[in-house]
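**Q** What follows is a single structure, and I will ask about it in a moment.
The values are calculated or read from the model by the stated rules, or taken from the named source; none is laboratory data. Quick caveat, the model's predicted, so the values are computed rather than measured. When we count neighbours, we look across all protein chains shown, and the Cβ atoms used for this are built from the backbone with ideal geometry, even at glycine. The protein model used for the area step is the full one, side chains on, heavy atoms only, and it has no ligands, DNA or RNA in it. Shrake-Rupley method; radii C 1.70, N 1.55, O 1.52, S 1.80 Å.
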Amino acid sequence: MSIAEKLSSIKKELTENVTLVAVSKTKPFSDILEAYNSGHRVFGENKVQEMTQKWEEMPKDIEWHMIGHVQRNKVKYMAEYVALIHGVDSLKLLKEINKQAKKHERVIPCLLQVHIAEEDTKFGFDADEIKELISNPEFEKLENVRIKGLMGMATFTDNMDQVRREFQSLNKLFQDLKNSLTHISILSMGMSGDYKIAIEEGSNMVRIGSSIFGSRNYN
Ligand SMILES: *Cc1c(COP(=O)(O)O)cnc(C)c1O
């Protein structure tokens with residue numbers, strides 16, 4: 001199947017409220033253009049430099065989502081154009097995003113990354129840290145960022161009951177957060193291997209790479 005065919009078959013499985021982020025990290029311009037020419041506009045990358053190169057080369061009506069871990073000193077390179085930052089995992093990072101957004105006179109939409117997996121290699125807040133963050137007086141002062149929701153990654157395992165439980169716990173946090181913050185509407189969870197479960201458990205944004213573009217080669 002071509003990229004366009006894979007995209008279209010995945011889109012048929014998604015309900016209307018679910019946004020598909022086509023994860024194009026490591027993939028060439030030509031693959032992105034093929035998806036673009038079939039009508040797709042939302043792409044996800046996990047490295048700021050690679051995303052910025054692609055933003056410079058590609059049609060300007062693409063929405064670029066930063067889905068990876070963000071180093072503070074890289075925020076300035078994407079502040080002009082990034083459509084959504086999924087991986088916000090500290091107040092320090094949020095403050096830097098706010099500062100760079102201000103320079104470009106814009107408000108940057110962000111998701112807080114939540115640590116739901118068993119592995120301790122995955123970044124993110126836990127439930128208590130989110131409460132702490134949103135009650136921090138410094139948080140309220142940030143006028144050039146807007147927290148739109150949560151993002152999480154389940155444990156990399158074949159145990160789909162565990163994956164489901166982890167998604168359920170993220171959805172619960174998401175529902176709770178709606179009571180404390182306005183503008184909460186995005187729950188980013190689900191990748192190629194688990195997006196169907198994620199949607200069953202309340203996801204409305206899935207990040208799918210290999211099922212669209214094929215497996216990645218990291219050399
Ligand atoms: C790479 C990546 C994805 C996509 O993974 P696939 O398994 O290829 O669909 C989704 N989310 C994040 C945060 C990623 O880094």
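**Q** Are there trypsin sites (Lys or Arg not before Pro) in segment 1-104 that DSSP puts in a loop and that have at most 10 other Cβ atoms within 10 Å, and which ones? Could the numbers behind the result be given before it?
**A** Values: sites: Lys6, Lys11, Lys12, Lys25, Arg41, Lys47, Lys54, Lys60, Arg72, Lys74, Lys76, Lys92, Lys95, Lys99, Lys102, Lys103; in loops: Lys25, Arg41, Lys47, Lys60.
The qualifying sites are Lys60.
**Q** Heavy-atom accessible area per residue, the chain, 1.4 Å probe: how many Å²?
**A** Working: 11090 Å² over 219 residues.
Heavy-atom accessible area per residue stands at 51 Å².
**Q** How much length, in nm to one decimal, is gained on full extension between Met58 and Glu132, taken as 0.36 nm per residue of separation minus their Cα-Cα distance? Walk me through the numbers on the way to the answer.
**A** Working: separation 74, 0.36 × 74 = 26.64 nm, distance 3.95 nm.
Taking Met58 through Glu132 to full extension adds about 22.7 nm, to one decimal.
**Q** How about Lys178: which lysines have a C-alpha closer than 25 Å to its C-alpha, ignoring those fewer than 8 places off in the same chain?
**A** Lys92, Lys95, Lys122, Lys131, Lys141, Lys148, Lys196
**Q** Ok, one more. If you place +1 on the Cβ of every Lys and Arg, -1 on the Cβ of every Asp and Glu, and leave all else neutral, what size is the dipole of segment 3-213 about its Cα centre, to the nearest 20 Debye? Walk me through the numbers on the way to the answer.
**A** Details: 29 positive and 32 negative charges, 137 e Å.
That gives a dipole near 660 debye.
**Q** Please go through segment 150-219 and write out the trypsin sites (Lys or Arg not before Pro) that DSSP classes as loop and that have at most 15 other C-beta atoms within 10 Å.
**A** Working: sites: Arg164, Arg165, Lys172, Lys178, Lys196, Arg207, Arg216; in loops: Arg216.
Sites meeting the loop and neighbour criteria: Arg216.
**Q** Also: Where does the charge balance sit around Ile130 when Lys and Arg score +1, Asp and Glu -1, over other residues with C-beta under 13 Å from its C-beta? Please report the intermediate quantities before stating the final value.
**A** Numbers: positive: Lys131, Lys172, Lys178; negative: Asp89, Asp126, Asp128, Glu129, Glu132, Asp176.
Neighbourhood net charge equals -3.
**Q** In segment 173-219, if the dipole is taken from +1 on Lys/Arg beta carbons and -1 on Asp/Glu beta carbons about the Cα centre, which of Ala198, Gly209, Ile186 is farthest to the positive end?
**A** Among Ala198, Gly209, Ile186, the one farthest towards the positive end of the dipole of segment 173-219 is Gly209.
**Q** So how far apart, in nm, are the two label points at Arg72 and Lys172 if each is 7 Å from Cα heading toward Cβ?
**A** 3.3 nm
**Q** Based on Cα positions only, what radius of gyration and what Dmax would you give for segment 8-129, in angstroms?
**A** Over segment 8-129's Cα set, Rg and Dmax evaluate to 15.2, 44 Å.
**Q** Tell me the carbon and sulfur percent of the accessible area for segment 3-213, rounded to whole percent, probe radius 1.4 Å.
**A** Details: 4770 of 10270 Å².
Accessible surface attributable to carbon and sulfur in segment 3-213 totals 46 percent.
**Q** Using the Cα atoms as the points, what is the convex hull volume per residue of segment 3-213 in Å³? Could you put the intermediate results ahead of the total?
**A** On the way: hull volume 24.5 nm³, N = 211.
Spread over its residues, the Cα hull of segment 3-213 gives 116 Å³ apiece.
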